[in-house]
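Please read the structure below before turning to the comments.
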């Protein structure tokens, strides 16, 4: 993304209510330095939405453990009210390889030792990375629990987790990690990220929202009504299309094809929806998309009433079969198509 696109998304993330915006990696290019500096100056010093009561997010950037990287990072970050630099290094201990990256495949005792030394050196947050998306949820949860139980000084720092999606388990691992005591999670909009991506913000946030009681009362400060807009901005600027069946923000997430499902929705929305569209600012979402031959008479009748035509009996039956005939030749039938059928 260009620095200006990154700035726009950072503003939207602040409006969304995220606590920390990881703005970039200044050592990689002049463009990254410019982007991080812009975000630090403009988003890192001001409230962007009256609804979030003066919330100014921490602006964070990446840095390798090299002096030149650190200098570049600080030069870009120093303008923020709450600046943070995230140092990363691998911890998989095999021959001479060393660091906190790839923690899920690292030797446990070595992890406890190195994390203890990092905490003694002044770290306030320690990160546990499933960098290659290797873990099952129970394995990742156990890793977090073991680190919390065996690392000297761990009670004085924030435990953060960073999960990748190579096996499609990033969200499940993230939820298991917070159930085991982590209090900060790395997530991305639409689940974008290296290879198969990272844990998806929208999926993690909405799961916590609707499973709060089962997760021990956990909650986030995210304003869920801004999720869809943020998703669409990221999709546009990155040109990474969201799959239609993507949970929460995919085009099909709240659409219903089956006639049986439509009938159930008309009687009680909770029959086939576990989330309220209103929570995502989708009050005006049209759930009645007529796809192929899946819709029933009651769905068609409800759509006709919505369009101002109360049709019943034989007239409705005749219209329904004409509607089915058209549906055989068109993938999606619009409101205009329905009105045309009525006028005929």
request  = Any chance you could count how many residues in the stretch 232-268 are surrounded by fewer than 13 Cβ atoms within 10 Å (Cβ to Cβ) and at pLDDT below 75?
outcome  = 2
inquiry  = Of the conditions (1) touching a strand residue (DSSP E or B) at 6+ places or on another chain (Cβ under 6 Å); (2) surrounded by 21 or more Cβ atoms within 10 Å (Cβ to Cβ), residue 143 satisfies every one except a single condition; which number is it?
reply    = (1)
key: Selected residue [in the same structural domain as residue 20 (by TED's automatic domain parsing), in contact (Cβ under 8 Å) with a residue 40 or more places away in the chain, in contact with a helix residue (DSSP H, G or I) (Cβ under 7 Å, 6 or more places away or on another chain) and more than 26 Å from residue 246 (Cα to Cα)] from 189, 128, 154   = 128
inquiry  = Just to verify a result, which residue in the stretch 203-227, among those that are part of a helix (DSSP H, G or I) and surrounded by fewer than 18 Cβ atoms within 10 Å (Cβ to Cβ), is modelled with the highest pLDDT?
reply    = 209
query = Only one of (1) under 27 Å from residue 131 (Cα atoms); (2) at pLDDT below 85 fails for residue 48. Which number is that?
reply = (1)
query = For the stretch 7-51, what are the residues that are touching a residue at least 60 places away in the same chain (Cβ under 8 Å) and either crowded, with 23+ Cβ neighbours inside 10 Å or within 20 Å of residue 238 (Cα to Cα) (or both)?
reply = 8, 9, 12, 13, 15, 16, 18, 22
key: Extreme residue, nearest to the chain's Cα centre (by Cα), among residues of the stretch 86-112 that are at pLDDT 90 or above and surrounded by 15 or more Cβ atoms within 10 Å (Cβ to Cβ)   = 111
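The values are calculated or read from the model by the stated rules, or taken from the named source; none is laboratory data. Nothing here was measured: the structure is a model prediction, and the numbers come from that model. FYI the Cβ positions are ideal-geometry reconstructions off the backbone, even for glycines, and counts take in every protein chain you see.
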